[in-house]
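I have placed the structure first, in the form of structure tokens, so that the comments after it can refer back to it.
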Amino acid sequence: MSILRIPFQNTARAFRFSIIIYLLCLISNTSFRVMGFDLSTEIHSILNGDFFYLILLVNLKIFLIYYIFYSSLQIGIDFLFREIFPSSKRKGFITYLVFILFTLSLLFHSIIHYPQLYGEFFYIRHTYLQPFLYFLTDHVDPRYFEFFFIASISSYLSFLIAGFLYRANIQYLFLFVFLVFILFFHFNSFIYGIIPIFLGYQIIRQIDSKVNRFTLLPVFFLLFAIIGSFYYFKFFFHLPIPENSKDYNLLIISADSLRADRIGAKVNGESITPNIDKFKEEAFVFEDHHVTIPRTFPSWADLLSGEYSMSHKIRDMFPSPDEKKNLGSSEFPTIGHYLQKKNYRTAVYSNFAGDIFTRADFGFQEVRTPNFNAKILVTQKSLEFQIFLLPILTGSFLRGGEYFEEVSGFSNLGDGDRILPDIYSFIRREKSNPFFLTIFLSVTHFPYSPPYPDYKKFTDSNYYGKYKYFKFVDPTSDAKPDEKDIEQIKAIFDASIYSFDESLGKITSYLKKHGLYEKTLIIITGDHGESLYEDIHGHGHGEHLRGPNITQVPLIIKFPFDFYKERESHIFKGVTSSIDIVPTLLEFYKIEANKNYPGKSLIPILGKENWVEERNVYSETGIWFSDIGEHFFQSQRIMYPSILKMHQIVPEEDYQIMITDPYYRETIAFAKHRSLQNSKFKFIYIPTRDGVIYELYDRISDPLNQFNIAASFPYVVEQMKLELYKIAEEREGATIIGDYIIPPSVNKE
């Protein structure tokens, strides 16, 4: 039993303090809201054995992190008192004071850096604390706290080195090594390295003897050599690029909800995308580019496969097992699969919204993105309660500590800088080989999460409403914010795009530094756009097809410098589609596809301004998440239940959240709004229970699609309707009955 007590020796204060703040968070900060949905009525579904033990293990790990963190502090404080103030009777008081000081310093730093992370805490559960939140973010620089952390730790480590050299006491060396390794594993977010170091120190510090300090100096050098070698190979070592290499790398950089009209937009005379503006000077810009479906999962499936979602059947965010397995099959390979056959290394890096890449075969050998399933949602909610732990997990303490991989999937933590080190590591590691890298950043997805100081960049410093730092999401409400709120939401969105642009600038600079920029084909685009209360369009994406901002995203392509040098114009004004990217890449890389893609290669029109003949591009809506509200599209849709009533948790698929019921899947496909648009018109097909509604809008004189001119142009409606039906018949296998498009039946086996 004495051995079992060793880890807890002399750490009773840390144990008690850990219990107090753990319970304090649990009692005062519990919520069951996820992305605006209240899951309290669903809580019974997680009380089975698997989830019960998951919750238990997660909370044990949470407490363990608290305990190790405060125990390390207590060990350092106790050692200081024993060596410097052995007769002091205030050690307990000072210990708790240091605990509180470090805890609050970490929390304040994190609140200033990522106020979105604490939105529900300040705006729903503890609104009386809002003035203090505003004081911190408006008047306190987070670097004060960073200086405090670094100065405190550096001073203490210097004290240990000096003490060892002066007193020749091996305890100074033991504690120094212990703290250095604790910090090392913390930087690398490796809790399973910290635990044995912590246990080992508790045992080895029983040794107490004087030593020849000079004989142990090699220990210092060995320690720093080990750590230095690790960081050298992680951040600096690379193989040289082979001379005369003719392989062109492929890099796709995208942001979620990236509206085309915000690229190059100016606020107070300053562009919100200075790095993209500079990039455009060396690239081809496709001004009228549209996605096929404004939802992340199916949009990326279409972009990377070159096929419509109606063909490969991933048509919403929750595809069933038989639907998602189509992607990556021999019938629906992605550009990643093609490039793997040419010995390219393929990888995707993302935060938050990139969880889709773990849920289907997109053609990436290396997937460094969050995962998404019911277990992860449960874990995230357990972590969100613990506001005193979040600063440690999100990097406020010396930029380390992501001890739960689920942290990277927080919707309010889209800061691209958090994943840049891993991206740099991949680029450096693979620079001697051809690679295809996709980077998908989520800072621009609601709730919008630009970090400090970006969230102040374009916003009104005197605004103190609930949208000061982010956009609250509530799919069950269609209440329109007032004008000041809308102005703030748009400013936060612009700040998010500015943050994305900063990350993009850092990535391109890194490519230039390593001699890869000129030989890399780089594509900047988005998975869909975003409505921001223009006209009656509401907020968000995927529910309707009106206006330019839902489907229109940027498409900017920089080819390797030795591929295309002469050009009449670098701006193409004709309409293009996300399904054009695969045919373009296949032609560029000289890959025979042996299949007929619905999109067009853009290489033949490089340097031109428009298509020779008019072209229509297709889009469709996503799934409606909620069946509540007075939105205009709610009265124009075929109803089906909200996502909370349709979804299933499928244990056989790693507890993914899916829509598996054939009736719902068929209804979702049947109920979709569909559109065709060209440079002049947008045509929208809207099935309802009372018949099909056709809308036609003049894109030039009426970009927000406010005036339906279908009755004035019946010949245009008929022409575009027939083309839409033809696409559905050929690409979906649909049947046209009356005016309705009837998708094929779902396999009910």
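A few notes on this one:
- For region 463-468, 3J(HN,Hα) computed residue by residue from phi via the Karplus equation (6.51, -1.76, 1.60; θ = phi - 60°) reads 7, 9, x, 6, 9, 4 Hz, glycine and proline entered as x.
- Inter-label distance, nm, simple model (7 Å from Cα along the C-beta direction), Phe15/Glu609: 7.9
- Each other residue within a Cβ distance under 15 Å of Gln130 adds +1 if Lys or Arg and -1 if Asp or Glu, for a net charge of +1.
- Listed from fewest to most Cβ neighbours within 10 Å, the set Glu502, Glu307 follows the order Glu502, Glu307.
- Residues with amide H under 5 Å from that of Ile252, placed H, sequence gap 5 or more: Leu437, Thr438, Ile439, Ile523
- Antiparallel content of DSSP bridges confined to the chain, in %, to 5: 55
- Once the Cα-Cα distance is subtracted from the 0.36 nm per residue extended length, the Ser432 to Ser461 segment shows a gain of 5.7 nm.
- Placing one equal scatterer on every Cα of region 632-742 and applying the Debye formula, the log10 ratio I(q)/I(0) at q = 0.09, 0.10, 0.16, 0.19 Å⁻¹ is -0.32, -0.38, -0.83, -1.02.
- Legend: ranking of residues Lys341, Lys324 from fewest to most surrounding C-beta atoms inside 10 Å; resulting order Lys341, Lys324.
- Other-chain or far-sequence residues with amide H under 5 Å of Phe681's (modelled H): Arg699
- Using R0 = 60 Å, the C-beta based FRET efficiency linking Arg731 and Thr127 works out to 0.70.
- Extension gain for Leu398 to Ser569 (0.36 nm times residue separation, less C-alpha to C-alpha distance): 56.8 nm.
- Largest-first principal axis extents, alpha carbons of region 250-614, Å: 54, 43, 41
- Whole-percent pair-distance distribution, where bins are 5 Å wide, for the alpha carbons of region 544-661: 2, 8, 14, 14, 12, 11, 12, 11, 9, 6, 2, 0
- Rounded if a/c under 1.5, otherwise prolate or oblate - region 698-747, Cα gyration tensor axes: prolate
- FRET E, pair Glu281, Leu64, Förster distance 51 Å, beta-carbon r, rounded to 0.05: 0.45
- Toward the positive end of the charge dipole of region 632-742, with +1 on the Cβ of Lys and Arg and -1 on the Cβ of Asp and Glu, the farthest Cα among Tyr715, Gly733, Thr667 is that of Tyr715.
- Enclosed volume per residue, in Å³, of the convex hull spanned by Cα atoms of the chain: 181
- Each label point was placed 7 Å from the Cα along the Cα-to-Cβ direction; for Leu104 and Ala479 their separation is 3.5 nm.
- Computed lengthening from Lys513 to Ile161, 0.36 nm per intervening residue step minus Cα-Cα distance: 123.0 nm
- Percentage of interatomic Cα-Cα distances in region 400-545 larger than 21 Å: 52
- Burial ranking of peptide ranges 609-616, 284-291 (average Cβ count within 10 Å, highest at the top): 284-291, 609-616
- Cut-off 18 Å, label 7 Å out along Cα→Cβ of Asp702, residues of region 621-639 by amide N: 632-633, 636
- For Lys480, the lysines whose Cα falls under 19 Å of its own Cα, not counting residues fewer than eight places away in the same chain, are Lys466, Lys468, Lys471, Lys490.
The numbers here are math on the coordinates, done by the rules we state, and not lab data. This one's a predicted model, so the numbers in the text were calculated from it and none came from an experiment. Note: ideal-geometry Cβ built from the backbone for every residue, glycine included; neighbour counts use all protein chains shown.
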